[in-house]
Structure formats: structure tokens, C-alpha cells
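The values are calculated or read from the model by the stated rules, or taken from the named source; none is laboratory data. Note that the coordinates shown come from a computational prediction; the quantities given were computed from them, not determined experimentally. With ideal geometry, Cβ positions are generated from the backbone for all residues, glycine too; neighbour counts draw on all protein chains shown. These area figures cover heavy atoms from the full protein model, side chains too; ligands, DNA and RNA do not enter into them. Shrake-Rupley method; radii C 1.70, N 1.55, O 1.52, S 1.80 Å.
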Amino acid sequence: MTETATSQARTKSIPTRALADLSLRLQRAGRETRSGNGWLSTAAVVALTVCTWLALVVVGGTMMFYRRSLDEAPLPLNPTVEDLQHQGNGEFYLQLAFFACVFVIPAMISLVSQSAVLGAAGRENRLATLRLIGLSNGAVTRMTLVETALQALLGLAFGTVLAVATAPFWALISFDNDYLGPWDMLLPWWGYPMVWGIVMVLALISAVVGLKRVLVSPLGVSRREIPKAVRRSRVLIFIGLVVVSVLVINALDLKSLDTATISYAAFSLFIAFSAVNVVAPFVVQALGRISAVLAPGAANFVATRRVAVGAKETWRRVSAMTFLSLLLGFISLMPQLDQATVFGGETMANDILVGVVITFVIGFVILLISTVLTQASAVYEQAALTKALDFIGTPVSLHRKVAFKQTFYPMLVLSAMAFFMGNFFGLVLFGSMASGSPFSSRTLVIVIAYLIAVVSAGLVTYAVDPLRRRLLGNQVRRND
């Protein structure tokens with residue numbers, strides 16, 4: 001009799017609706033007590049809003065160029081030189097949109113993941129309490145998924161409204177001497193559910209992965225999962241993907257400017273640049289281990305140890321800057337504007353410049369949002385060690401220096417590597433047309449853009465200092 005009652009109690013599951021209500025109540029309590037969880041949830045919603053907005057803009061822009069390529073007028077019976085020059089421009093602009101997606105999409109995927117994982121360690125005490133009062137791991141996982149889904153729904157709603165509201169402003173920009181219409185950047189009806197579904201799935205998967213980083217026992221004792229060392233096989237995988245991408249690009253006849261050919265080339269670039277996610281954690285780990293031996297000082301010791309042990313987390317903090325550096329390295333080898341003018345006219349040369357600027361601005365926005373998210377999440381992930389150091393008299397300035405060094409120096413190294421990787425693929429794609437001048441006005445602009453991005457990311461590491469001070473001021477026992 002007792003065994004039957006016990007088995008029934010075990011199989012009885014808490015309704016998801018009840019878990020959602022409990023999650024909302026805990027979120028409200030966190031905001032009222034200013035425990036920090038409310039701030040993290042708000043930051044996650046803001047990040048998902050920005051990401052949804054940018055995703056709709058990028059996809060909407062690609063669809064706009066696709067519609068323009070279909071509506072291109074046929075050549076007249078007696079075409080002039082200008083008619084021949086503008087024929088096929090619609091397809092060419094669509095191809096440029098594909099290349100822009102290559103640089104933006106990986107950074108946007110990373111931003112979605114960071115938004116969902118944000119505060120995984122900030123929920124540690126809450127999860128420990130819920131496990132202590134009897135919730136199972138499955139219930140805790142469902143509760144986390146419900147909370148993430150609610151945040152994603154808010155982000156999708158706000159991001160969609162923002163994308164629709166800002167659509168008319170794109171009418172200030174023209175491509176091929178034709179200004180965009182007020183609603184050209186909007187998607188067809190089926191495009192919005194597609195983007196929403198992708199963002200939601202990415203957020204939920206990232207939430208589950210982030211939840212596994214904190215293990216909570218039935219007695220409410222939480223412990224961090226010790227990250228495993230990154231294997232050297234990642235380097236071989238990265239080299240293999242890059243070699244395959246180069247071979248595929250070299251096998252294509254890029255001079256034909258065929259849409260299918262350029263699509264294959266863009267997809268090959270996407271695979272190669274996405275492979276940076278594979279090798280970058282190993283590079284960060286090696287950098288941390290070497291620096292731990294060579295760099296003196298307490299701040300360097302703590303920073304390098306965190307980098308070496310948490311290589312994947314460090315990579316997440318600097319990934320946005322890495323992809324932005326890939327873009328800068330790639331455009332530094334693009335043909336000069338005078339060559340583009342001979343090839344497609346002055347209008348096309350100026351339009352290429354406008355497209356590059358728009359892509360950089362999108363990447364820069366992702367960089368700022370991503371850096372804020374990762375720095376705020378790191379404050380809570382490293383709360384135990386930060387408080388332990390504070391108990392023994394470590395000044396707050398040390399924590400600030402550690403946070404800066406464990407982010408800024410890996411960012412410099414990886415962004416430099418990414419810049420040269422962008423150079424390499426620029427040479428592969430453009431060949432003899434690649435810009436060969438190492439010193440030009442474009443070089444100065446690229447250097448300035450790089451410095452602005454790096455300095456901005458470095459300053460953001462100090463922007464979360466009030467959050468760290470609040471955490472140090474909240475002195476409670478672990479698992480209280």
C-alpha cells in the first residue's frame with residue numbers, strides 16, 4: 001500500500017501552468033527585493049528584442065533584394081551601354097546581401113544564446129531552494145524553459161513592433177538609384193513565423209545547455225559543473241573546414257556572377273567563419289595557460305586562471321568582436337572603389353559602400369549588447385569567488401581589473417586572428433582584384449572602426465561595476 005502511494009506520488013507531475021505561475025511570482029519577488037534576477041531578466045528581454053529586430057531587418061533586406069531581382073525590367077530592343085551596365089544588377093545586389101548575412105548571422109545566433117543563458121548562475125539559489133522543497137530536476141527544467149519562453153515571447157513581440165515601426169526609415173536609403181519603399185523591408189506573412197520559430201528554438205536550446213552548467217542536488221546543494229579542457233582535435237576540425245571551404249570556392253567560377261554560384265561561395269564562407277566557434281575556445285585556453293605562467297601580479301593570476309579554466313565562457317564574451325573583425329579584414333581586401341566603378345558603375349560602387357556601413361553598424365550593435373550581457377552574466381557566475389576574495393580583504397579595484405583583463409586581452413588576440421582570416425578569404429574570393437594597397441583612406445577608416453569597437457567593448461566591462469558592488473553588498477550565506 002505504501003509502495004503504491006509512493007509510486008503514484010512520484011509519477012504525479014506538476015502542471016506546467018502552475019510552474020509558469022510560480023516563475024512569474026519569483027520574478028516579481030526578485031524585482032521587489034532587488035536581488036538582481038529581475039535585472040537579468042529585463043536585460044535578457046532587451047537583448048532578445050534587439051536580436052529579433054536585427055534578424056527581421058537582415059531577412060527583410062535579403063527578401064527586398066530578391067523581389068527587386070524578380071521585378072527587373074528586360075532589356076529593350078536596342079539597348080544602350082547604360083542599359084547593359086545595369087542589367088543583372090538585381091541579382092548582384094542579392095548576392096551582396098548573402099555575403100552580408102555571412103558576417104551577421106553567426107553573431108546574431110551567439111547573441112540569442114547569450115540572452116537565454118543570461119542569469120543561469122543567477123538562478124542558482126532559487127533552483128537550490130526549489131529542489132529542497134521537493135521539485136524534481138524535470139520540473140526545474142520545465143520551469144526554466146517556461147521562463148525562457150516567456151522572455152523570448154516578449155522579445156519577439158517588442159522586436160517585431162520595432163522592426164515594423166522602423167521600416168519606413170529605410171526609405172532614406174537607395175540602391176541602384178532607386179529609393180526603398182516605406183514597407184520594402186517588411187517580410188511576407190510567412191516570414192515572421194519562420195524567424196520567430198528560429199529565435200525561439202535557439203533560445204530554448206541555449207537555456208537547457210545553460211541549466212546543465214549548474215547541478216542541484218535534491219537536498220538543495222548547488223555546485224558548479226567543472227568545465228572540461230578543450231581538446232586539440234578542434235584545431236584539426238577547424239583546418240579541415242577551412243580547407244574544404246577554400247577548395248569549394250576555388251572550384252566555382254565566381255566571374256560568372258551567377259546567383260547559385262555566389263550562394264555556394266557565401267555558404268562556404270559561412271561554414272568557414274562558423275568554424276571559428278570550434279577552434280576559438282582552444283586558442284583561448286592556450287592563451288590563458290601561457291599567460292598564467294608569464295604574467296605577474298594578482299589580477300593577472302586570477303584573470304588568466306579564469307580564462308584557462310572557462311575557455312568557452314571567455315569565447316562567448318568576445319565572439320561578437322571576433323566576427324566584426326572578420327568583416328573588417330574581409331572588406332580591407334575588397335577591390336578599390338575605382339575598380340568597382342569600372343565594373344558596375346559609380347552607383348554600384350557607392351551602394352557597396354553603403355551596404356558595408358550598414359553591416360558594420362549591425363555588427364557593432366550586436367557587439368555592445370553582447371558585451372553587456374556576457375559581463376553581467378559573468379558577475380553572477382563568478383559571485384562565489386568574488387565574495388570569497390572580498391572576505392579576505394581584496395579591494396574592489398582588483399575585481400574590476402580582473403574583469404577587464406579576462407575579456408579585453410583575449411578579445412585583442414582573437415580579433416587580430418579573425419582580421420587576418422578575413423584577409424585570407426578576401427584574397428581567395430577577389431584574387432587579382434583584391435586591394436593591394438596596405439595604406440589608403442580605407443585602411444584608416446578600418447583602423448578607426450576597429451579602435452572604436454575595441455574601446456567601446458572595453459568600456460562596457462566597467463559599466464557592470466555597479467552590479468558587482470551590489471552583489472558584494474548583499475552578504476548572505478550560500479544556499480540561504
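What the table below lists for this structure:
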| item | result |
| --- | --- |
| Residue in the range 244-260 that is modelled with pLDDT of 75 or more and under 27 Å from residue 116 (Cβ atoms) present | no |
| Lone unmet requirement of (1) open to solvent by 20 Å² or more (accessible area, probe 1.4 Å); (2) in contact (Cβ under 8 Å) with a residue 12 or more places away in the chain for residue 301 | (2) |
| Restricting the range 324-357 to residues that are modelled with pLDDT of 70 or more and surrounded by fewer than 17 Cβ atoms within 10 Å (Cβ to Cβ), the residue that is farthest from residue 107 (Cα to Cα) | 350 |
| Options 367, 412, 444, 398: the member that is more than 21 Å from residue 96 (Cβ to Cβ), at pLDDT 80 or above and under 16 Å from the mean Cα position of the chain (by Cα) | 367 |
| The range 373-395, residues that are farther than 26 Å from residue 111 by Cβ, assigned to a helix (DSSP H, G or I) and either among the charged types (D, E, K, R) or open to solvent by 40 Å² or more (accessible area, probe 1.4 Å) (or both) | 384, 385, 387, 388, 390, 391 |
| Hits in the range 277-296 - residues which are open to solvent by 50 Å² or more (accessible area, probe 1.4 Å) and not hydrophobic (A, V, I, L, M, F, W, C) | 277, 289, 296 |
| Members of the range 140-159 that are farther than 26 Å from residue 384 by Cα and open to solvent by less than 20 Å² (accessible area, probe 1.4 Å) | 151, 152, 155, 156, 159 |
| Pick from the range 46-60, criterion of a type outside the set (A, V, I, L, M) and open to solvent by less than 10 Å² (accessible area, probe 1.4 Å), ranking: nearest to the chain's Cα centre (by Cα) | 51 |
| Within the range 15-45, considering residues that are open to solvent by less than 70 Å² (accessible area, probe 1.4 Å) and of a type in the set (Val, Ile, Thr), the one modelled with the highest pLDDT | 45 |
| The lone exception for residue 228 - which of (1) surrounded by 13 or more Cβ atoms within 10 Å (Cβ to Cβ); (2) at pLDDT below 85; (3) under 30 Å from residue 152 (Cβ atoms) it fails | (1) |
| Matching option when the condition is assigned to a helix (DSSP H, G or I) and open to solvent by less than 20 Å² (accessible area, probe 1.4 Å), among 163, 171 | 163 |
| Residue check, residue 70 modelled with pLDDT of 55 or more, open to solvent by 40 Å² or more (accessible area, probe 1.4 Å), more than 30 Å from residue 153 (Cβ to Cβ) and not hydroxyl-bearing (Ser, Thr, Tyr) | yes |
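Residues are listed down the side, and each one gets a yes or a no for (1) among the hydrophobic types (A, V, I, L, M, F, W, C); (2) within 23 Å of residue 105 (Cβ to Cβ); (3) within 24 Å of the chain's Cα centre (by Cα):
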| site | (1), (2), (3) |
| --- | --- |
| 241 | yes, yes, yes |
| 252 | yes, yes, no |
| 284 | yes, yes, yes |
| 290 | yes, no, no |
| 303 | yes, no, yes |
| 306 | no, no, yes |
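Rundown of residues vs (1) of a type in the set (A, V, I, L, M, F, W, C); (2) open to solvent by 50 Å² or more (accessible area, probe 1.4 Å); (3) without any contact (Cβ under 8 Å) to a residue 12 or more places away in the chain; (4) in contact with a Ser or Thr (Cβ under 9 Å, 6 or more places away or on another chain), yes/no style:
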| position | (1), (2), (3), (4) |
| --- | --- |
| 176 | no, no, no, yes |
| 191 | no, no, no, no |
| 195 | yes, no, no, yes |
| 203 | yes, no, no, yes |
